[in-house]
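For reference, the structure discussed in these notes is given below.
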Amino acid sequence: MNDIHTLRMILRESRTIAIVGLSANWFRPSYFAAKYMIDHGYKVIPVNPQYEEVLGQKCYKSLRDIPKDQKVDMVDCFRKPEEIMPLVDDAIAIGAKVLWMQLGVVNEAAAEKARAAGLAVVMDRCVKIEHGRLFGGLHWAGVNTKIISSKRPRYLPY
């Protein structure tokens, strides 16, 4: 599920993102991605047993610790590929709709299990990069988005 239409739909409809492995260190990629998503109108729920709070948000020790009244649309995984399978079980249990594995994270068995449970799966992609690429966040940064158009998408998520 890495085609442009599907990625755009996922990013447009997934407004609450639980980020597993979100670091409180500003120089870590997870922190940078989370801050970008918050700045673009998304609700971010940090999941990391090391912290009480990240980016002003209460941090949970696991996905299952997130209160049931907080709907999670997407689980964004900043974890090693071998740590993804248990996260699939947790994502299914909390009713997430999307399992997103960050750059360099590929686990086909976990992806297949998530798809079988009805989750959309994205592997080896960065949520921040894809949002910028597909919703005009890169502007004139000199990055080749491989999308040539003089028009912005009709619907921006913010």
Study note, to complete from the structure: In segment 19-38, residues that are small (Gly, Ala, Ser) and either part of a loop (DSSP other than H, G, I, E, B) or more than 17 Å from residue 123 (Cβ to Cβ) (or both) total 4
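Among the residues of segment 110-122, is any of a type outside the set (D, E, K, R), closer than 21 Å to residue 5 by Cβ, loosely packed, with under 12 Cβ neighbours inside 10 Å and over 14 Å from the mean Cα position of the chain (by Cα)?
For segment 110-122, residues of a type outside the set (D, E, K, R), closer than 21 Å to residue 5 by Cβ, loosely packed, with under 12 Cβ neighbours inside 10 Å and over 14 Å from the mean Cα position of the chain (by Cα): present.
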Exercise for review: For segment 39-63, enumerate the residues that are crowded, with 19+ Cβ neighbours inside 10 Å, assigned to a strand (DSSP E or B) and within 14 Å of the chain's Cα centre (by Cα).
Suggested key: 44, 45, 46, 47
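Taken together, the values in this text are just the output of simple stated rules run on the coordinates, not laboratory data. Quick caveat: nothing in here was measured; it's all calculated off a predicted structure. Positions of Cβ are generated from backbone atoms using ideal geometry, with glycine treated the same way; all protein chains shown enter the neighbour counts.
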